[in-house]
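Structure first, then comments.
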Amino acid sequence: MRQELCDALIARAKNPNMVFLTGDLGFMALEPLQEALKSRFINAGIAEQNMISVAAGMSHEKLESWVYSIAPFCYARPFEQIRNDVAFHNLPVKIIGNGGGYGYGVMGPTHHAIEDYGILLTLPNIRVFVPAFNEDVAQVIEVVGNCKHPAYLRLGRGEIAKDYSPPPYSAWRKITEGDGKVVISIGPIAGSIIEKCQSMDFAIRPQLWIVSELPLKHNPPPETLINALKQTKKLTVIEEHVAQGGLGSSLALYLFEHAIKLDEFNHCYAKAHHYKTYGSQTFMRAQSELDVNSLIKNVL
Amino acid sequence: MQLSKNLILKSRKRLLQMHFESGVGHIGGNLSCLDSLLTIYHEFLNKNDRFVLSKGHSAGALYVTLWSLGFISEESLKTFHKDNTLLAGHPPASGIPQIHFATGSLGHGFSLACGLAMGLRVNQQQGRVFCITSDGEWQEGSTWEAFIFASHNKLNNLTVLIDHNRLQGFGSTHDVASMSPLGAKLQGFNIMITEVEGHNIEDLRSALNKKTDQCHLIIMNTTKGHGVSFMENEMKWHYLPMNEAQYKKAIEDIENL
């Protein structure tokens, strides 16, 4: 999604209030943005704690402040700066974490971001955005850019069948129709199963939904989804994130609080940071049973 | 407006009074930076300028300074450290327009001040940014990140003052993690460094008036518990509240300073 990100930010760079800070990342990707923004493109160096606080200060001066790095470097390293300097003051700093989930695959556990939105959603005022398709990025950048609160944008890698055209970006989207169980997914991982879901008979085909904005407090499930859950009483949640604090636990709490009872709740999530061996994102997902075959078993 | 001796005395006494009445500590570090706070606010800070107190545990000195300018009422000051107060032990996140950021965790303020200074520059606005850090705070890596950023970007609208009172939470800065001599350690970056006697108003005034095309760092040699004989250079006054006898003696010392 980096190409789409760069294009979308360049389109936004016409706004003289926009500033972009990177933690020394963006080689072979963000050079056009650097050219467009000139002095408003700031390479803050390998100093993420300072970068977040500087962005908070610039946001305080009414600048539209974007921050970019590999995901864990911009939410885990400077967590206290996000908490104290950005979230406590409800400053609309926009933090872009590249490589959400196991996006950095074989680069190893230091580069994996499987607890990012869970951790950040413990903070006040934060909004989380997780585009699912490359086609979402332009719209997401507009939504994040206009967001009046601190925002975390988890960027991944779009992965859909070549002949599939995703529906326009929305906080909630229904991707497939069917009489099967309800499946709710977040992020690009949904794209990996769309083709297989579409090929199923209607009677067993899951009703696949994608959510792209959290927390649920500000983006509750739509009525049609709730009605489907009441009818099927079966839900599978898919996310490339640990169980604690993720979409699955948020949804479970939401349904419990709203007295919506289920007979079946499957949660497919990222199991761990540490494995005996490492590999591509596809390989890493398989270690957590987030590969296509494992997911299909869970959505049936 | 030039800071008067009478106002300094009145502010020191009010600082001691509020800490005594609320039964709280952090007095030593408040007394070491009160003079610089009063100087900055009364003689330099105008409506285009910004101030960040990075050593948030000296919030009392900041509150008293704002009180001395009428930004915080006497009534409000009486609530210091009490239930339902706006005046917490460290600067609050909102509610006082002159306080831009909640600080208290060390190593944040310098970076925030860099952001304000950079923001003023991008917006092509006039104005200076002032920030006071502690000396122990320079053990935080993020402070050095800010130092590098301010140096590299030649933030000439930023003045950072270090309250170099040489005492931190559990020992002297020299014994805990020495950077002595601090001035020499900070040399070599593209930052102008000035060393002053931090309780000498004329010294402070002169340093704050210096012009430079770089970020300006002022090392203020100060005394923890300045002006109170039994507190000066005593680490315990980082924490302890005063009893009545100590309070009376402290007021007496301040009046005779």
Test: residue in segment A:97-105 that is out of contact with any Pro (no Cβ under 7 Å at 6 or more places or on another chain), in a helix (DSSP H, G or I) and not assigned by TED's automatic domain parsing to the domain that holds A:Pro215 = yes
Kindly provide the set of residues from segment A:4-23 that are touching a residue at least 40 places away in the same chain (Cβ under 8 Å), open to solvent by 10 Å² or more (accessible area, probe 1.4 Å) and more than 19 Å from B:Met118 (Cα to Cα), ordered by number.
-> A:Glu4, A:Asp7, A:Ala8, A:Ala11, A:Arg12
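Which residues, taken from segment A:219-246, are in a strand (DSSP E or B) and either surrounded by fewer than 18 Cβ atoms within 10 Å (Cβ to Cβ) or of a type outside the set (A, V, I, L, M) (or both)? Lay out the reasoning, then the answer.
At the first step, the residues of segment A:219-246 found to be in a strand (DSSP E or B) are A:234-238.
Correct list: A:Lys234, A:Thr236.
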Part of a strand (DSSP E or B) and out of contact with any Gly (no Cβ under 6 Å at 6 or more places or on another chain): does that describe B:His199?
-> no
Of the listed residues (B:Ser68, B:Ser58), the one being among the hydroxyl-bearing types (Ser, Thr, Tyr) and out of contact with any Phe, Trp or Tyr (no Cβ under 8 Å at 6 or more places or on another chain) is B:Ser58
Do we find that A:Ala270 is open to solvent by less than 40 Å² (accessible area, probe 1.4 Å) and either in a helix (DSSP H, G or I) or not acidic (Asp, Glu) (or both) in this structure?
-> yes
Selected residue [at negative phi, more than 12 Å from chain A (Cβ to nearest Cβ), small (Gly, Ala, Ser) and in contact (Cβ under 8 Å) with a residue 60 or more places away in the chain] from B:Gly183, B:Gly169 | B:Gly169
Among the numbered criteria (1) free of Cβ contacts under 8 Å to residues at least 40 places away in the same chain; (2) within 20 Å of B:Lys82 (Cα to Cα); (3) in contact with a strand residue (DSSP E or B) (Cβ under 8 Å, 6 or more places away or on another chain), which single criterion is violated by B:Tyr41?
-> (2)
Would you confirm whether any residue within segment B:202-216 is without any contact (Cβ under 8 Å) to a residue 24 or more places away in the chain, open to solvent by less than 60 Å² (accessible area, probe 1.4 Å), outside any helix (DSSP H, G or I) and within 22 Å of B:Leu45 (Cα to Cα)?
-> no
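Would you confirm whether or not segment A:87-105 contains a residue that is open to solvent by less than 20 Å² (accessible area, probe 1.4 Å), under 25 Å from B:His100 (Cα atoms) and within 9 Å of chain B (Cβ to nearest Cβ)?
Scanning segment A:87-105 turns up no residue that is open to solvent by less than 20 Å² (accessible area, probe 1.4 Å), under 25 Å from B:His100 (Cα atoms) and within 9 Å of chain B (Cβ to nearest Cβ).
Residue-wise test of (1) out of contact with any strand residue (DSSP E or B) (no Cβ under 7 Å at 6 or more places or on another chain); (2) buried (at least 19 other Cβ atoms within 10 Å of the Cβ).
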{"position": "B:Leu77", "(1), (2)": "yes, yes"}
{"position": "B:Leu86", "(1), (2)": "yes, no"}
{"position": "B:Ser94", "(1), (2)": "yes, no"}
{"position": "B:Ser105", "(1), (2)": "yes, no"}
{"position": "B:His108", "(1), (2)": "yes, yes"}
{"position": "B:Cys114", "(1), (2)": "no, yes"}
{"position": "B:Arg128", "(1), (2)": "no, yes"}
{"position": "B:Ala146", "(1), (2)": "yes, yes"}
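Find the residue count for segment A:168-193, including only residues that are open to solvent by less than 40 Å² (accessible area, probe 1.4 Å) and outside any helix (DSSP H, G or I).
Residues of segment A:168-193 open to solvent by less than 40 Å² (accessible area, probe 1.4 Å): A:169, A:171-173, A:175-176, A:178, A:180-193.
From what is left, the residues that are outside any helix (DSSP H, G or I) are A:169, A:171-173, A:175-176, A:178, A:180-187.
So the count comes out to 15.
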Residue satisfying all of: in segment A:25-52; on the phi > 0 side of the Ramachandran plot and more than 12 Å from every other protein chain (Cβ to nearest Cβ); surrounded by the fewest Cβ atoms within 10 Å (Cβ to Cβ) among these | A:Met28
If you check B:Val64 against the conditions, is it open to solvent by less than 40 Å² (accessible area, probe 1.4 Å) and within 13 Å of chain A (Cβ to nearest Cβ)?
-> no
Limited to segment A:141-156, what total is found for residues that are buried (at least 16 other Cβ atoms within 10 Å of the Cβ) and in contact with a helix residue (DSSP H, G or I) (Cβ under 8 Å, 6 or more places away or on another chain)?
-> 9
Any idea which of A:Asn43, A:Asn17 is over 22 Å from A:Pro78 (Cβ atoms), more than 23 Å from the chain's Cα centre (by Cα) and modelled with pLDDT of 95 or more?
-> A:Asn17
Filter result (over 23 Å from A:Gly103 (Cα atoms) and more than 8 Å from every other protein chain (Cβ to nearest Cβ)) within segment A:66-84 = A:Arg83
Which of the following residues is within 12 Å of another protein chain (Cβ to nearest Cβ) and either modelled with pLDDT under 95 or farther than 15 Å from A:Gly99 by Cβ (or both): A:Ala55, A:Ala11?
-> A:Ala55
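The values are calculated or read from the model by the stated rules, or taken from the named source; none is laboratory data. As the structure is a computational prediction, the values presented were derived from the model and not from experiment. Using ideal geometry, Cβ is built from the backbone for each residue, glycine included, and neighbour counts are taken over all protein chains shown. SASA here: full protein model, heavy atoms, side chains in, ligands and nucleic acids out. Shrake-Rupley method; radii C 1.70, N 1.55, O 1.52, S 1.80 Å.
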